[in-house]
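Take this structure first; my questions come after.
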Amino acid sequence: MNEVRVAIEREADIVLARQAGRQLAAELGFSTTDQTLIATAISEVARNIVVYATKGEIVLSRLEEGERAGIVVVAIDRGPGIDNKELALRDGYSTKNSLGLGLPGARRLMDDFVLDSEVGRGTTITMRKWRR
Amino acid sequence: MPVPILKQGDTLIASVVSALTDDDLVQLRDDLAQRIGTVRAKSVVIDVTALDVLDSFATRTLRGIAYTARLRGAETCVVGIQPEVAFAMVQLGLTMEGVSTALDLEAGLALLATKHREKK
């Protein structure tokens with residue numbers, strides 16, 4: 001099993017993405033608590049795709065580095081892109097009147113978090129979590 | 001899939017199912033706002049035991065449901081947040097400020113009964 005791709009085109013896909021994430025995390029041996037953290041982080045970034053970019057995809061894959069194993073979650077869209085990345089990663093900042101906790105929150109839930117975005121081109125968020 | 005809402009005296013009890021979509025939550029908000037009026041409910045319990053994820057949207061909507069209910073004269077209590085879900089919410093920075101929470105249905109009903117007694 002190399003990777004699982006979940007197309008995000010409507011809000012119902014958010015649930016599919018996080019269920020797929022939880023399932024892969026379970027297969028990889030993550031604790032139920034970590035499975036929930038991963039599923040929640042996926043929910044946040046998948047929702048951002050729906051709200052800001054209308055469509056995109058979530059790609060889930062296994063991570064292996066010597067003895068260590070983990071999960072990689074990549075959220076990709078060709079949406080409007082993020083103008084000010086620093087602001088976007090700040091708690092409480094929202095351009096759509098929401099809580100503004102999605103991106104900084106997802107970052108707190110995962111071990112690694114890379115935000116790659118360009119206005120007019122889209123956004124790619126790469127998150128990793130290691131199995132303890 | 002709509003969330004079933006049961007009536008017990010002047011309390012409405014909604015038990016959400018695990019694969020809850022955003023639309024289901026919004027539908028629940030609208031249904032509860034209506035039902036509070038038709039049955040003159042004083043209390044609302046939302047049981048989220050089956051929810052394996054409570055993200056920022058769900059939290060925001062639950063809070064919205066509670067505030068809406070309060071405007072219509074009913075107190076809300078969210079019950080059944082699972083340990084891992086609670087932990088994820090704390091990590092995410094989510095609070096249920098302004099919304100009562102309790103361990104389970106029994107505790108929630110007891111809490112709401114106390115609140116109503118204090119009001120009198």
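Between region A:8-54 and region B:57-94, what is the C-alpha centre distance in whole Å?
20
Where q = 0.12 Å⁻¹, what log10 of I(q)/I(0) comes from the Debye formula for the protein assembly as shown, counting one point per Cα?
Debye intensities relative to I(0), on a log10 scale: -0.71.
For the pairs A:K85/A:K129; A:K129/B:K7; A:K96/A:K129, flag any whose C-alpha to C-alpha distance is greater than 32 Å.
Pairs exceeding 32 Å: A:K129/B:K7.
Could you work out which residue, out of B:A19, B:A58, B:A74, moves most in a Gaussian network model of chain B, that is, has the largest mean-square fluctuation with Cα springs under 10 Å?
Of the options given, B:A19 has the highest mean-square fluctuation.
Also, quick follow-up: What is the projected area of the convex hull of the Cα atoms of chain A, averaged over all directions, in nm²?
Projected over every direction and averaged, the Cα hull of chain A covers 7.5 nm².
With +1 assigned to the C-beta of every Lys and Arg and -1 to the C-beta of every Asp and Glu, and no other charges, what is the dipole magnitude of chain B about the Cα centre in debye, to the nearest 20?
Once rounded to the nearest 20, the dipole reads 800 debye.
Given the options A:V119, A:V45, A:V15, state which has the largest fluctuation in a GNM of chain A using a 10 Å cut-off (strictly under) for Cα springs.
Comparing A:V119, A:V45, A:V15 in a Gaussian network model of chain A, the most mobile one is A:V119.
Using DSSP, restrict attention to beta bridges with both residues in the protein assembly as shown and report what percent are antiparallel, rounded to the nearest 5.
If we restrict to bridges inside the protein assembly as shown, about 75 percent are antiparallel.
Suppose a student asked you for the relative contact order of region A:1-100, using Cα pairs under 8 Å spaced at least 6 residues apart; what percent would you report?
It rounds to 26 percent for region A:1-100.
Nearest 500 deg cm²/dmol is fine: what mean residue ellipticity at 222 nm does the protein assembly as shown get from its DSSP H runs of n ≥ 4 alone, each adding -39,500 (n - 2.57), divided by its residue count?
-13000 deg cm²/dmol
Here's a follow-up. Calculate the tail of P(r) for chain B: the fraction of all Cα-Cα distances greater than 25 Å, expressed in %.
Looking at chain B, the distances longer than 25 Å represent 15 percent of pairs.
With only alpha-carbon atoms in the gyration tensor, what are the semi-axes of the equivalent ellipsoid for region B:1-65, in Å, largest first?
Taking √(5λ) for each eigenvalue gives 20, 12, 10 Å, largest first.
For region A:24-89, report the % of Cα-Cα distances exceeding 16 Å.
56
In addition: Mind sorting B:F57, B:F87 by how few other Cβ atoms lie within 10 Å of their own Cβ, fewest first?
B:F87, B:F57
Read-outs: derived from the displayed coordinates by stated rules, not from any lab. Fair warning: this is a prediction, and the values are worked out from it, not measured in the lab. Because the Cβ atoms are built from the backbone with ideal geometry, glycine has one as well, and the counts that use them run over all protein chains shown.
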